[in-house]
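Derivation of every value follows stated rules applied to the coordinates shown; laboratory data play no part. In this text the structure is predicted, and so the values were computed from the model without any measurement. Cβ placement follows ideal geometry from the backbone for every residue including glycine, while neighbour counts extend to all protein chains displayed.
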């Protein structure tokens, strides 16, 4: 019963480094998304995808890249990490259409020093 | 601009009190509204609402949606310390591609 799997759970990066947060789901969900959560800001949508090969920007896309080559995987790339990207990142997925619950990964705690 | 607004931002109550959390929204092509509870890790699902006026209930928690006035409320009766958490409201809509936007959340603290 894997659900949504995110890795790594914790990461410390130096400013300017790049890295990829991995997200995989085994529920055949069309919709996958990445959020970041900061104190007092709630969950803000970074990028999302409605199927393989289709991605779009959310509310805070700058500094992040995504791709969706398969239904299962939706990695989030930080191109050149900045301290402002210190946050908790959640990957989420669901079926498309009304009446579908969103499932979350466990979260990835990222610190950029 | 699509938005989801929750109120109050924080709330402190005593055990046994009843609380009402509010969520209003302005989105294009509304599909559903979801409530989540978050306690220091990933949000956990509470309710999904798609139709106006139909109350969803689970134990001491209940929620209802008003699609005409564009809001939802989450009620918690006989609160317990275990209800302390951040409660998140999210709206699933299709402005362009379908997507889901969250409110900032209401932080509830229940004291003994």
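Neighbouring Cβ atoms from other chains, within 10 Å of the Cβ of residues in B:41-53, number 3 on average. Equivalent-ellipsoid semi-axes for chain B (Cα gyration tensor, √(5λ), whole Å, largest first): 24, 14, 11.
Three principal axis extents describe the C-alpha atoms of the protein assembly as shown; from largest down they are 49, 37, 37 Å.
Peptides A:58-65, A:44-51 ranked from most to least packed give A:44-51, A:58-65, packing being the mean of other C-beta atoms within 10 angstrom over each peptide's residues.
Springs join every pair of Cα atoms under 10 Å in this Gaussian network model of chain B, and among B:16, B:82, B:59 the largest mean-square fluctuation is at B:59. With the alpha-carbon atoms of segment B:48-110 aligned to their principal axes, the span from lowest to highest coordinate is 41, 24, 18 Å, starting with the largest. Across the alpha-carbon set of segment B:1-62, the Rg to Rh ratio works out to 0.97, Rh being the Kirkwood radius.
Above 22 Å, the calculated P(r) of chain A contains 25 percent of its Cα-Cα pairs. Using C-alpha pairs below 8 Å separated by at least 6 residues, the relative contact order for segment B:1-70 is 22 percent.
Segment A:49-82 and segment B:39-62 have their alpha-carbon centroids 29 Å apart. Considering segment A:1-65 at the alpha-carbon level, its Rg and Dmax are found to be 13.1, 37 Å.
Using just the Cα positions, wrap segment A:65-113 in a convex hull and report its mean projected area in square nanometres, one decimal place.
4.4
Structure remark: mean-square fluctuation, Gaussian network model of chain A, C-alpha springs under 10 Å; the largest value among A:19, A:32, A:41 belongs to A:41.
Here the convex hull built on the C-alpha positions of segment A:30-88 has a volume of 75 cubic angstrom per residue.
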